[in-house]
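The values are calculated or read from the model by the stated rules, or taken from the named source; none is laboratory data. This is a predicted model, so every value here is computed, not measured. Please note: Cβ atoms are built from the backbone with ideal geometry, for glycine as well, and neighbour counts cover all protein chains shown.
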Amino acid sequence: MKTFVLTILLTALTSGIAAAGYSFQTCGNTKACNDARAAFAEHHHGQSPTQYYNQWYQGRQGRWNHKGTNWRWEGLRGDRYAQGHNGWQWSGTPQKDSSKRD
C-alpha cells in the first residue's frame with residue numbers, strides 16, 4: 001500500500017513540475033514559474049524561452065535545430081516538424097487551424 005501511495009504522489013509531483021516548466025508564457029509570476037524560467041535561462045546561455053524560440057515558421061514560434069545534416073523545427077509549445085518515414089511531418093502539440101469553423 002505504501003508503494004502505491006508513493007507512486008501516486010511521485011506521479012503527481014512529476015506532472016506538476018513538468019507542467020510548470022513547460023508553459024512559461026501562461027504560468028504567471030509565481031515562485032515556481034520564476035524558478036522554471038531561471039533554470040531554462042541557466043541552461044540556454046541566459047536566454048528566456050521566448051528569446052530562445054524567437055523564430056517563426058508556418059505561424060508557429062520556435063527554432064530550427066540540426067544534428068549533423070538532420071534538421072527539425074522545435075516549437076515553443078512542444079510541436080516539432082521533422083523528416084520521418086513518410087516525409088516531413090508535424091508532431092507533438094497540434095495547433096488549431098483558424099481557417100476551419102467549429
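Points worth noting:
- Scanning the stretch 18-37 for residues that are at pLDDT 80 or above and exposed (fewer than 11 other Cβ atoms within 10 Å of the Cβ) returns Asn29, Thr30, Lys31.
- For the stretch 58-97, a tally of residues being surrounded by fewer than 13 Cβ atoms within 10 Å (Cβ to Cβ), assigned to a strand (DSSP E or B) and of a type outside the set (Gly, Ala, Ser) returns 8.
- Residue count, the stretch 59-95 (criterion: within 15 Å of the chain's Cα centre (by Cα) and without any contact (Cβ under 8 Å) to a residue 12 or more places away in the chain): 5
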